[in-house]
Amino acid sequence: QVHLVESGGGLVQAGGSLRLSCAASGRTFSMYSMGWFRQAPGKERAFVASITWSGTPYYADSVKGRFTISRDNARKTVYLQMNSLKREDTAVYSCVADLNYSGTIPGSYGYWGQGTQVTVSS
């Protein structure tokens, strides 16, 4: 079992930065692929980024070059550094984990956090 708790969301002006954190429970965090999805009002959940157990990152085209995903296995935490934020980045960001999957399909991840709100103002 993995329990995920996100933090770091908030209100930021366009062009600004935020760093999201996702703290995980469980002894085998280092074996899990981790990721982030987001859901804006009235829109479907969308893949943002993921990182495999070995540290290979993947990004949605919309965030490439602006967002960076990383993990600290000793702290059992995954991070999402978000730079050059745009209004369209406004959404609830959720952390995900899975032992066997690191792709873009939300239903394929076994564990989800509660989410943290990110609001980008103009």
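Ranked from the most accessible area to the least, with a 1.4 Å probe and all protein chains present, what is the order of W53, W112?
W53, W112
If the chain between S70 and I105 were fully stretched, how many nm would it gain, using 0.36 nm times the residue separation less the Cα-Cα distance?
Stretched out fully, the S70 to I105 stretch lengthens by 10.6 nm.
Report in % the part of the accessible area of the chain that belongs to carbon and sulfur, leaving out ligands and nucleic acids; probe 1.4 Å.
Of the solvent-accessible surface of the chain, carbon and sulfur hold 48 percent.
Quick one: Karplus J couplings for region 73-80, per residue in order, coefficients 6.51, -1.76, 1.60, θ = phi - 60°, nearest Hz, x for Gly and Pro?
With coefficients 6.51, -1.76 and 1.60, one gets 5, 5, 8, 6, 9, 10, 10, 10 Hz.
Just tell me which aspartates and glutamates come within less than 18 Å, Cα to Cα, of K43; anything on the same chain fewer than 8 places away is out.
D61, E88, D89
Roll a 1.4 Å probe over the protein heavy atoms and report the accessible area of R87 in Å², nearest 10.
150
The values are calculated or read from the model by the stated rules, or taken from the named source; none is laboratory data. Just so it is clear, the structure is predicted and the values come from calculations on it, not from any experiment. Just so you know, the surface numbers come from the protein's heavy atoms only, side chains and all, with ligands and any DNA or RNA stripped out. Shrake-Rupley method; radii C 1.70, N 1.55, O 1.52, S 1.80 Å.
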